[in-house]
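Chemist: First the structure, then my questions, so here it is.
The values are calculated or read from the model by the stated rules, or taken from the named source; none is laboratory data. In this text, all values refer to a predicted model and were calculated from it rather than measured experimentally. Glycine gets a Cβ as well: all are built from the backbone with ideal geometry, and neighbour counts include every protein chain shown.
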Amino acid sequence: VNTARYLGTRMGEEVILLDRRTGRLIHLDSQAARVWDNCRLPGGTPRGVLRELERAGVVTRVSGGYMRPPVEWT
Amino acid sequence: MIRAQDAAAAGAGAGLAMLYGPRHLTAPVEAVLASLALPDEPVPPVEVVIAHDGRRALGRVNGNELWSIAIPRHRWLEAVTGQIVATLVTLLRRLVFVHAAAVEIGGRALVLVGDSGAGKTSTAAALLARGGAYLSDEVALLDPASNRVLPFHLPMAIKPWTAHAAGPLPAGIDVARQDAVRFRLPDRLGHACPLGALVLLEAGNRPDPAEISTPRALLRLARQPSSFRYPDRMEDAFRAWTHAVRDVPCRAVVSARPAAFADRLFDLAVR
């Protein structure tokens, strides 16, 4: 049973996600995608981008950093 | 009050719609829908009943009433056929759709995405005049199984300003006329083919078509009336379009007259 909330595709350095719950598409440009890939290691990453990702609902703030949700990749 | 028994049904569009009502109203609708087919995707027919006074129409599928609309006096034929087409595409279970025009150029489909009035029809007409083959004016259908854009041969609704913007119109048959709108089915009809380019038509004024990233183009495409809007189809739409647009050039034409860029768009498609 597939439980991942997000369905995702990488296109070059960018990422596009479908939020299955809301039907929303979320586009991560190359900078956002890089930050998102390493979001457990926020040191040295642009905080503004992380905050944007948090606002977009694709990362969650956890103790010691950020966590991204599981994604089913196409 | 609309009663179905008042008139015999007229079939239209290879059985896609059954029309009831006064003949002088159903005949032009039938003429516009006659060339329509949904390849390999059986859908239940849409039953459409037009009131005798021509003021209202209702649509049913499998006996269930889905809509009832007031028919506008101005451009009523577009309104009624548009409602029927919008109903048909929501019945699709295998194919995915987006509100867009599409032209086959060099064996590939150039898909023009934009809001109503953005210039899809005039740009498509200009591309047809340059040798393209007609795929669609209103609905781009994508077959996820074959990864091809399918023809959806609803006649082009050519308004006076469309003709002005497009330049010479493509040769074809005017299957109906209403007010100043001609419903023209071009002579050169395209066939199912892979996506070759995705072009977004935007309001504004920029001198050149701008390259945009594929995800950004998809984001824009998904904002149009499309399979993305339906919870039970959005995942199919996502998989199908992300697969189809991969490695395909995406451009944004920001202009009040996108047909003026037809030469460059044609070259983009045959690159």
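Chemist: Take B:Phe152 and decide whether it is part of a loop (DSSP other than H, G, I, E, B), away from chain A (no Cβ under 14 Å) and of a type in the set (A, V, I, L, M, F, W, C).
Modeler: Yes.
Chemist: Does region B:165-180 hold any residues that are closer than 13 Å to B:Leu154 by Cβ, buried (at least 19 other Cβ atoms within 10 Å of the Cβ) and in contact (Cβ under 8 Å) with a residue 40 or more places away in the chain, and which are they?
Modeler: Matches in region B:165-180: B:Ala176 only.
Chemist: Something else now. Suppose we keep only residues that are touching a Ser or Thr at 6+ places or on another chain (Cβ under 8 Å) and assigned to a helix (DSSP H, G or I) within region B:241-254. Which one would you say is nearest to the other protein chains (Cβ to nearest Cβ)?
Modeler: Across region B:241-254, the extreme among qualifying residues is B:Thr242.
Chemist: Among the listed residues B:Arg93, B:Arg60, B:Arg73, identify the single one that is charged (D, E, K, R), over 13 Å from the mean Cα position of the chain (by Cα), loosely packed, with under 15 Cβ neighbours inside 10 Å and more than 30 Å from B:Val248 (Cβ to Cβ).
Modeler: Only one candidate passes the filter, namely B:Arg73.
Chemist: Could you give me the residue pairs with C-beta distances under 8 Å whose first residue belongs to region A:1-17 and is at positive phi and more than 8 Å from chain B (Cβ to nearest Cβ), whose second residue is crowded, with 20+ Cβ neighbours inside 10 Å and modelled with pLDDT under 95 wherever it lies, and which are 6+ apart or on separate chains?
Modeler: none
Chemist: Would you check if B:Asp187 is modelled with pLDDT of 95 or more and of a type in the set (Asp, Glu)?
Modeler: yes
Chemist: Moving on to the next point. Return the only residue of B:Asp174, B:Asp232 being within 14 Å of chain A (Cβ to nearest Cβ) and either in contact with a Leu (Cβ under 9 Å, 6 or more places away or on another chain) or in a loop (DSSP other than H, G, I, E, B) (or both).
Modeler: Going through B:Asp174, B:Asp232 in turn, the sole match is B:Asp232.
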